[in-house]
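Novice: Questions regarding the structure given below will be posed in turn.
The values are calculated or read from the model by the stated rules, or taken from the named source; none is laboratory data. In this text, all values refer to a predicted model and were calculated from it rather than measured experimentally. Backbone-built Cβ (ideal geometry, glycine too); neighbour counts: all protein chains shown.
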Amino acid sequence: MSKTGKSIRTIREDAAAIEKLIERLDAAPPEPGAKKRKHDRYQYRQRSLTAEIKQPGDPESVTYAVEPLNLSHGGIGFLFGGYVHSGSECRVRLISLHGSWQDVPGKVVACNFISGSIHEIRVRFEDSIDPQQFCSTAIQQRVLLVEDNALISRLATALLTKLGADVELAVNGEIAIEMVGKKIYDLVLMDIEMPEMDGLTATRALREKGYSGRIVAATARTQPEDRQLCLEAGCDDYIAKPHTRENLARVLESVNEEPLFTTLSGDPMMLELVDVFVSELPARIRAIEDALAKQDAAGIQSLARDLKGEGTSYGFEVLTEQASKVETSLVGGGAIEQAKQEIGELIKLCLQVRSSSVPKASAADDDKPEQGEEPKDQEVPANATGESS
């Protein structure tokens, strides 16, 4: 950041007043005539955010403490206690969900007056970022909906999508088993009564293969014995049909593991290689689960050794660490039962790994300012030097 390493606070309001102001801005409707953005903005409330800004004519940049509003693939909005010229160079230090940070360069594209000396600053990044790494509201749960009824599947897909899920459909149990073998899902929402292969049979088959992902049964049968049948087949939970927003929201909330992203996300040249590694993980997971079901200690040790060697190379150091624990626990013919907890943790971490959702297009095309984002007046810069409060 700046040479001093210190950030200057520019907003002279206390935390409660700033929070009320942000709530008011969040609730405000879009301005008339505002263009629809290509990608959504997500609430970003990282209190320790700093931005290094170099205004035209300034000899060097200055680091400010700012109040973030929202984040998108292509830019960020934050509150600032003063006026900032459009075109000013800006480098924002984004803090991830896991506490790591990433300095993202960009330029100020708008400075909108809010009240007093407070302005909303909009910055367009030079390159796109993945909001899921920084905003919990941007995370999409990956759901496999197993449902043969077209009307029900359309309703459930619409409700789940509104709740922020990424939904794929299988129309029977056989197709579901095939899809689970090729891709990682955070949740399998399994209809019970289906043609060709019903949900209970499919669930039993998945569990026999060692599948450890979350499966929730969905059925119109609501008697206590029906719920027990679902649990005995291997389902983790049970919800009654017809689907409601409340029931589906509860199920999604039960899938609360934070995703794991590569630490190499700042290197565009690596992202394609990372995507290939992530795309091959489902087969690795199935192989570990199959070896575990067969009590094949040597097979698990070999698979863990591969992951240990590759995890760090692709920016998933936590996989390397856990795979090393599994390998060590099985060295010299160690019993699988003693290593079962470590193996389960490795599978769980693999299930949390995700590819980055950074779009191929540049940030400049991705997050162009809407109508009404340009400065609303040519005011004399207020508190532009960012005096400390």
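Novice: Of these, Ala176, Ala202, Ala217, Ala156, which one is of a type in the set (A, V, I, L, M, F, W, C), crowded, with 17+ Cβ neighbours inside 10 Å and either touching a Phe, Trp or Tyr at 6+ places or on another chain (Cβ under 6 Å) or assigned to a loop (DSSP other than H, G, I, E, B) (or both)?
Specialist: Within the list Ala176, Ala202, Ala217, Ala156, the selection yields Ala217.
Novice: Of the residues Leu264, Leu307, Leu292, which single one is over 30 Å from Asp103 (Cα atoms) and in contact with a helix residue (DSSP H, G or I) (Cβ under 8 Å, 6 or more places away or on another chain)?
Specialist: Every option except Leu292 fails the conditions.
Novice: In a loop (DSSP other than H, G, I, E, B), surrounded by 18 or more Cβ atoms within 10 Å (Cβ to Cβ) and at pLDDT below 90 - does that describe any residue in the range 265-277?
Specialist: Taking the range 265-277 first, the residues in a loop (DSSP other than H, G, I, E, B) are 265-267.
Now narrow it down to the ones that are surrounded by 18 or more Cβ atoms within 10 Å (Cβ to Cβ): 265.
The next check asks that each one be at pLDDT below 90; those that pass are 265.
Scanning the range 265-277, I find at least one residue that is in a loop (DSSP other than H, G, I, E, B), surrounded by 18 or more Cβ atoms within 10 Å (Cβ to Cβ) and at pLDDT below 90, so the answer is yes.
Yes or no, residue by residue, for (1) in contact with a Pro (Cβ under 7 Å, 6 or more places away or on another chain); (2) among the acidic types (Asp, Glu); (3) within 24 Å of Glu257 (Cα to Cα):
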position: Cys135; (1), (2), (3): no, no, yes
position: Ile139; (1), (2), (3): yes, no, yes
position: Asn172; (1), (2), (3): yes, no, no
position: Met197; (1), (2), (3): no, no, no
position: Gly213; (1), (2), (3): no, no, yes
position: Ala218; (1), (2), (3): no, no, yes
position: Gln223; (1), (2), (3): no, no, no
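Novice: Are any residues in the range 233-264 in a loop (DSSP other than H, G, I, E, B) and among the small types (Gly, Ala, Ser), and if so, which ones?
Specialist: Gly234, Ser254
Novice: While we're on this one: Among the candidates Val167, Val143, single out the residue that is more than 30 Å from Glu13 (Cα to Cα), of a type in the set (Val, Ile, Thr) and in contact with a Ser or Thr (Cβ under 6 Å, 6 or more places away or on another chain).
Specialist: Of the residues listed, the single one that is more than 30 Å from Glu13 (Cα to Cα), of a type in the set (Val, Ile, Thr) and in contact with a Ser or Thr (Cβ under 6 Å, 6 or more places away or on another chain) is Val167.
Novice: Suppose we keep only residues that are surrounded by 24 or more Cβ atoms within 10 Å (Cβ to Cβ) and not in a strand (DSSP E or B) within the range 111-132. Which one would you say is farthest from the chain's Cα centre (by Cα)?
Specialist: For the range 111-132, the residue satisfying everything is Ser128.
Novice: Still on this model: If you check Leu169 against the conditions, is it modelled with pLDDT of 95 or more, buried (at least 22 other Cβ atoms within 10 Å of the Cβ), of a type in the set (A, V, I, L, M, F, W, C) and touching a Leu at 6+ places or on another chain (Cβ under 6 Å)? Write out each step before concluding.
Specialist: Working: modelled with pLDDT of 95 or more: yes; buried (at least 22 other Cβ atoms within 10 Å of the Cβ): no; of a type in the set (A, V, I, L, M, F, W, C): yes; touching a Leu at 6+ places or on another chain (Cβ under 6 Å): yes.
When the stated conditions are applied, Leu169 does not pass them.
Novice: Here is a list: Tyr83, Tyr64. Which entry is aromatic (Phe, Trp, Tyr), assigned to a loop (DSSP other than H, G, I, E, B) and either buried (at least 19 other Cβ atoms within 10 Å of the Cβ) or touching a residue at least 12 places away in the same chain (Cβ under 8 Å) (or both)?
Specialist: Criteria check complete, one pass: Tyr83.
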